[in-house]
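Chemist: To start, I am sharing the structure in question, which I have written as structure tokens.
The values are calculated or read from the model by the stated rules, or taken from the named source; none is laboratory data. Here the structure is a predicted model, which means the values were calculated and not measured. Here Cβ is always computed from backbone atoms with ideal geometry, including for glycine, and neighbour counts include all displayed protein chains.
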Amino acid sequence: MDTAMPDLSTSLRTISTRCCIVGGGPAGMMLGYLLGRAGVETIVLEKHADFFRDFRGDTVHPSTLQVMDELGLIDGFLQLPHQQIQKMDGQFGGSSIRISDLSRLKAKYPFIAFMPQWDFLNFLRERGKRFAALKVMMNANATDLVWSGDRVAGVRADTPEGEIEIRADLTVACDGRHSTVRDKAALEVEEIGAPMDVLWFRAGKAANESESVFARIETGKMMVTFDRGDYWQCAYVISKGEFDAVKARGLSALRDDIVRMAPVLKAGIAEVKDWDDVKLLTVAINRLKRWTRPGLLCIGDAAHAMSPVGGVGVNLAVQDAVATANLLAAKLVKGPPTEKDLDAVQGRREFPVRMTQRMQVVVQNNLISVALKPGEGPLKPPLFARVINAVPWLQGVTARFIGLGVRPEHVHSPEA
């Protein structure tokens, strides 16, 4: 890694590197690990002091577990505290429906691992310390791009030691659906839309409590519960923009609705003491029309925001990172990638993203939107859910879409 040197024209501390990754989420940390492994001088900027952020995607799917295996990291990774799930059941009114069965997958790790995202990211950071080429800078908030003509030449960032400028042959935006880098590059976003938002909260869980029901759907209501060992992680789905109306009814009314839908939460819901314990997640589905500018590439949520349907967002971000390293790592060792090189990443990953978002929209339009409409009488399971429940091999088809996704990536990037 190049040493810091003063820039007399701006009085900023300037650092030079091959690749600057903005954002230390799943896409950023995985790409940083892969590039460091390949011997590419890489700096990852993470604006927070740590990775501890509640209410982030915690589902690690078989496709990501396979990547960890290919990197030789799986044994240590699975020693971290986590829960495993194979069968996913939905409750439609009074009917129980099996939605997916990951045990039917022909995969080395046919399960979803529920693990706090900060543990996943810390694991990659700790294991990445063995690569001299990789540097992770915490408390480094990217605020603007550095340009050289029409080419992105790096970023400026605020740090506890003051503002710095990082000059890079390639800048990669991994800073999420509200990407600063994407905005500064004036990349056009195509909004697809979502009919719902999500209220995210924890409820207490007794040691003897267990339940395989994943989704609960009633007329006008929907929620999802995840068994996290010592607590329930819950997502209460509401119509888009209805949070103020929910709050106006009062917290007691919300808790009563939750317990009616999920009696297993009767004791644990007491942990939701006030509205500070309920987080509003605004759901969006969108994607960039173009993921690149000269010297700049966007991946993960910065390139395509996903709905929580299927819990696939983390895993698509990891797949983006693997594909990016496969296509660019060897080129970055030698110098700046061309525009054609960067466009190849979008060419590789855009089809899986489009297909996944299309399936999410199908679920939104045919299940979630219908479920959230007020009505009378018990909700009947939709035809497609009844067919999946009746034909077990179809549960393997849904498991493949959720667990492996469309065209899963494998590690082919070099190891220095």
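Chemist: Restrict the check to segment 229-238 and report whether at least one residue is in contact with a Leu (Cβ under 9 Å, 6 or more places away or on another chain), farther than 20 Å from ASN366 by Cα, surrounded by 15 or more Cβ atoms within 10 Å (Cβ to Cβ) and not hydroxyl-bearing (Ser, Thr, Tyr).
Modeler: Yes, segment 229-238 contains a residue that is in contact with a Leu (Cβ under 9 Å, 6 or more places away or on another chain), farther than 20 Å from ASN366 by Cα, surrounded by 15 or more Cβ atoms within 10 Å (Cβ to Cβ) and not hydroxyl-bearing (Ser, Thr, Tyr).
Chemist: I'd like the full set of residues that are modelled with pLDDT under 50, out of contact with any Lys or Arg (no Cβ under 9 Å at 6 or more places or on another chain) and not polar (S, T, N, Q), limited to segment 3-28.
Modeler: Across segment 3-28, the qualifying residue is only LEU8.
Chemist: Of all residues in segment 128-155, which are of a type in the set (D, E, K, R) and either surrounded by 18 or more Cβ atoms within 10 Å (Cβ to Cβ) or assigned to a strand (DSSP E or B) (or both)?
Modeler: LYS135, ASP144, ARG151
Chemist: Here's something else I'd like to know. Determine if segment 251-266 includes at least one residue that is of a type in the set (A, V, I, L, M, F, W, C), closer than 30 Å to ARG358 by Cβ and out of contact with any Cys (no Cβ under 9 Å at 6 or more places or on another chain).
Modeler: Scanning segment 251-266, I find at least one residue that is of a type in the set (A, V, I, L, M, F, W, C), closer than 30 Å to ARG358 by Cβ and out of contact with any Cys (no Cβ under 9 Å at 6 or more places or on another chain), so the answer is yes.
Chemist: Quick check, is ALA157 among the small types (Gly, Ala, Ser) and modelled with pLDDT of 95 or more?
Modeler: Considered against the rule, which asks whether it is among the small types (Gly, Ala, Ser) and modelled with pLDDT of 95 or more, ALA157 comes out as yes.
Residues are listed down the side, and each one gets a yes or a no for (1) closer than 13 Å to GLU46 by Cα; (2) free of Cβ contacts under 8 Å to residues at least 60 places away in the same chain; (3) touching a Phe, Trp or Tyr at 6+ places or on another chain (Cβ under 6 Å):
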| site | (1), (2), (3) |
| --- | --- |
| PHE131 | no, no, no |
| MET137 | yes, no, no |
| ALA140 | yes, no, no |
| GLY154 | no, no, no |
| PRO160 | yes, yes, no |
| ARG167 | no, no, no |
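Chemist: Scanning segment 156-182 for residues that are part of a loop (DSSP other than H, G, I, E, B) and small (Gly, Ala, Ser), which turns out nearest to the chain's Cα centre (by Cα)?
Modeler: Within segment 156-182, the match that is nearest to the chain's Cα centre (by Cα) is GLY176.
Chemist: Step by step: first the residues of segment 29-57, then only those that are aromatic (Phe, Trp, Tyr) and at pLDDT below 80, then the one that is nearest to the chain's Cα centre (by Cα). Which residue is that?
Modeler: PHE55
Chemist: Could you check GLY204 against (1) surrounded by fewer than 18 Cβ atoms within 10 Å (Cβ to Cβ); (2) small (Gly, Ala, Ser); (3) closer than 30 Å to MET29 by Cα; (4) in contact with a helix residue (DSSP H, G or I) (Cβ under 7 Å, 6 or more places away or on another chain) and say which number it fails?
Modeler: (3)
Chemist: Hey, another quick one. Within segment 97-132, can you find the residues that are more than 15 Å from ASP58 (Cα to Cα), at pLDDT below 90 and within 18 Å of the chain's Cα centre (by Cα)?
Modeler: Result: no residue meets the conditions.
Here is a yes/no grid of residues against (1) among the charged types (D, E, K, R); (2) in contact with a Ser or Thr (Cβ under 8 Å, 6 or more places away or on another chain); (3) without any contact (Cβ under 8 Å) to a residue 40 or more places away in the chain:
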site: LYS184; (1), (2), (3): yes, no, no
site: GLU188; (1), (2), (3): yes, no, no
site: GLY193; (1), (2), (3): no, no, no
site: LEU199; (1), (2), (3): no, no, no
site: ARG202; (1), (2), (3): yes, no, no
site: ASN208; (1), (2), (3): no, no, yes
site: GLU211; (1), (2), (3): yes, yes, no
site: GLU218; (1), (2), (3): yes, no, no
site: CYS234; (1), (2), (3): no, yes, yes
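Chemist: Continuing with this model, one more query. Checking GLY241 against (1) surrounded by fewer than 12 Cβ atoms within 10 Å (Cβ to Cβ); (2) not in a loop (DSSP other than H, G, I, E, B): exactly one of these is not met. Which one?
Modeler: (2)
For (1) in contact with a Leu (Cβ under 6 Å, 6 or more places away or on another chain); (2) of a type in the set (S, T, N, Q); (3) under 21 Å from ASP50 (Cα atoms), each residue gets a yes or a no:
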site: ASP69; (1), (2), (3): no, no, no
site: GLY72; (1), (2), (3): no, no, no
site: PHE92; (1), (2), (3): yes, no, no
site: LEU124; (1), (2), (3): no, no, yes
site: LEU134; (1), (2), (3): no, no, yes
site: THR143; (1), (2), (3): no, yes, yes
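Chemist: Another question, if that's okay. Quick one: how many residues across segment 383-416 are in a loop (DSSP other than H, G, I, E, B), on the phi < 0 side of the Ramachandran plot and not β-branched (Val, Ile, Thr)?
Modeler: Final tally of qualifying residues: 9.
Chemist: Okay, moving on. Can you confirm whether ASP276 is touching a Lys or Arg at 6+ places or on another chain (Cβ under 7 Å), of a type in the set (Asp, Glu) and in a helix (DSSP H, G or I)?
Modeler: no
Chemist: Are any residues in segment 94-106 of a type outside the set (D, E, K, R) and either in a helix (DSSP H, G or I) or touching an Asp or Glu at 6+ places or on another chain (Cβ under 8 Å) (or both), and if so, which ones?
Modeler: SER96, ILE97, ILE99, LEU102, SER103
Chemist: Of the residues GLY220, GLY229, GLY268, GLY204, which is on the phi > 0 side of the Ramachandran plot, more than 22 Å from the chain's Cα centre (by Cα) and not assigned by TED's automatic domain parsing to the domain that holds GLY94?
Modeler: From the options GLY220, GLY229, GLY268, GLY204, the qualifying one is GLY220.
Chemist: Give me the residue from segment 84-96 that is surrounded by fewer than 16 Cβ atoms within 10 Å (Cβ to Cβ) and among the polar types (S, T, N, Q) and, out of that set, farthest from ASP58 (Cα to Cα).
Modeler: SER95
Chemist: In addition: Sort through LEU404, LEU367, LEU316, LEU383 and tell me the only one that's aliphatic (A, V, I, L, M) and within 22 Å of LYS289 (Cβ to Cβ).
Modeler: After ruling out the rest, the residue left standing is LEU316.
Chemist: Mind listing just one residue for me: the one in segment 339-373 that is basic (Lys, Arg) and either outside any helix (DSSP H, G or I) or surrounded by fewer than 16 Cβ atoms within 10 Å (Cβ to Cβ) (or both) and, of those, modelled with the lowest pLDDT?
Modeler: In this case the residue turns out to be LYS373.
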